[in-house]
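A short worksheet on the structure shown next.
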Amino acid sequence: MGQAVLTTTDLRVRGNGRVLVSDVNLTCAVGERVALVGASGSGKSLTAKAVLGVLPLGLVAAGSIRIAGEEVRGLPCARRGAALRPAAVLQDPALALHPLVTIGEQVALPLHRDVRRADTRRARLELLAAVGLPDPEQVAGRYPSQLSGGQRQRACLAVALAARPPLLIADEPTTALDVVTQAAIVRLLRERTGGPDGPALLFITHDLAIAAELCTRIVVMHEGRVVEDRPALDVLHDPRHPRARDLVDAARLSTDALAARR
């Protein structure tokens, strides 16, 4: 494992008089893809929002969140430097993209920091092509409402990669997509993250099968706590915690049902 991009130590999230996330110790190293897995309400998305610095109003994080070795807990995303600011690809790309700004302009915005304006147009078209969007020049001139759900998710990935983040957090990015588009997004995440030139990946999902396909390590959450943190194949073949076993059983049922329909 390389140098840690993300380290949380005893991370807690409180709100409305309750502890919603408790004692989360999590690491993600350079070149690594880690899956944070759990049922709805397990605390995985709140953990991600705490790391991103975008917790909802009224929720407060405690403990430590270090990105590239620097403490960022309590520091909103907008106040962090580029080297300490993760990018995010979220479940609903329609909400993540600005409805009144063209796709090309949204991809270009983070590029202006590192690329001369004269080169921005070429760079944004290259990114749109890299995430598998057909006819990037035409797509660049469209608005989010003019794209399909899968195309919007690819555009979100292009925007995230344009920022050259140290860490990409993908929070349920395939949930609202059909099976074929899901597979395409997972393939893109595998190709564009986890290598020496791409960001580390924290992939959040309730689907253990997708997590195991994409990531080498799986962290299982239940009721706001980490209950298992092991290599993906170990979790698949020998889950130790009851909730991890439930997720494995659900993944097997889903795989069997898909095979039966073919």
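The numbers here are math on the coordinates, done by the rules we state, and not lab data. What you are looking at is a predicted structure, and each value in this text was computed from that prediction instead of being measured. Using ideal geometry, Cβ is built from the backbone for each residue, glycine included, and neighbour counts are taken over all protein chains shown.
Quick look at the numbers
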{"quantity": "The chain - percent relative contact order, Cα under 8 Å, separation 6 or more", "calculated": "25 percent"}
{"quantity": "Alpha-carbon radius of gyration plus Dmax, which is the widest Cα pair, for the chain in Å", "calculated": "18.3, 56"}
{"quantity": "FRET efficiency for S40 and R240, using Cβ-Cβ distance with R0 set to 22 Å, rounded to 0.05", "calculated": "0.50"}
{"quantity": "The chain - share of DSSP beta bridges that are antiparallel (%, nearest 5)", "calculated": "60 percent"}
{"quantity": "For T174, T7, order by how many other beta-carbon atoms lie within 10 Å, fewest first", "calculated": "T7, T174"}
{"quantity": "Choice from R164, R230, R154 with maximal GNM fluctuation in the chain (Cα, 10 Å cutoff)", "calculated": "R230"}
{"quantity": "Neighbour-count ranking [beta-carbon atoms within 10 angstrom, fewest first] of S148, S40", "calculated": "S40, S148"}
{"quantity": "Dipole of the chain [Lys/Arg +1, Asp/Glu -1 at C-beta], most positive-end residue of I210, P242, G43", "calculated": "G43"}
{"quantity": "Dipole moment magnitude, nearest 20 debye, the chain about Cα centre, only Lys, Arg, Asp, Glu C-beta charged", "calculated": "540 debye"}
{"quantity": "Given charges at Cβ of Lys, Arg, Asp, Glu: region 93-164 dipole, positive-most of T120, P93, V139", "calculated": "T120"}
{"quantity": "Extension gain, A130 back to A68 (0.36 nm per residue minus Cα-Cα distance, nm)", "calculated": "19.7 nm"}
{"quantity": "Relative packing of 180-187, 121-128, which averages over residues the other C-beta atoms within 10 Å, highest first", "calculated": "121-128, 180-187"}
{"quantity": "Phi-based couplings in Hz for region 19-36 (Karplus 6.51, -1.76, 1.60; Gly and Pro marked x)", "calculated": "8, 9, 9, 9, 6, 8, 10, 9, 10, 9, 9, 3, x, 9, 10, 10, 9, 10"}
{"quantity": "Residue among V159, V131, V101 with the largest mean-square fluctuation in a Gaussian network model of the chain, springs linking Cα atoms under 10 Å", "calculated": "V101"}
{"quantity": "Estimated inter-spin distance, Q3 and L233, nm [label 7 Å along Cα→Cβ]", "calculated": "3.0 nm"}
{"quantity": "Förster radius 22 Å - calculated FRET efficiency between S148 and V101, Cβ distance, rounded to 0.05", "calculated": "0.75"}
{"quantity": "Residue with peak Gaussian network fluctuation, the chain [Cα springs, cutoff 10 Å], from G58, G31, G69", "calculated": "G58"}
{"quantity": "Of every Cα-Cα pair in region 93-164, the percent that sits beyond 20 Å", "calculated": "16 percent"}
{"quantity": "Within the chain, helix-based [θ] at 222 nm, where runs of 4 or more DSSP H residues each add -39,500 (n - 2.57), nearest 500", "calculated": "-11500 deg cm²/dmol"}
{"quantity": "Kyte-Doolittle mean at least -1.0, axial Cα span of 18 Å or more - DSSP H helices of the chain", "calculated": "117-130, 149-162, 179-192, 242-261"}
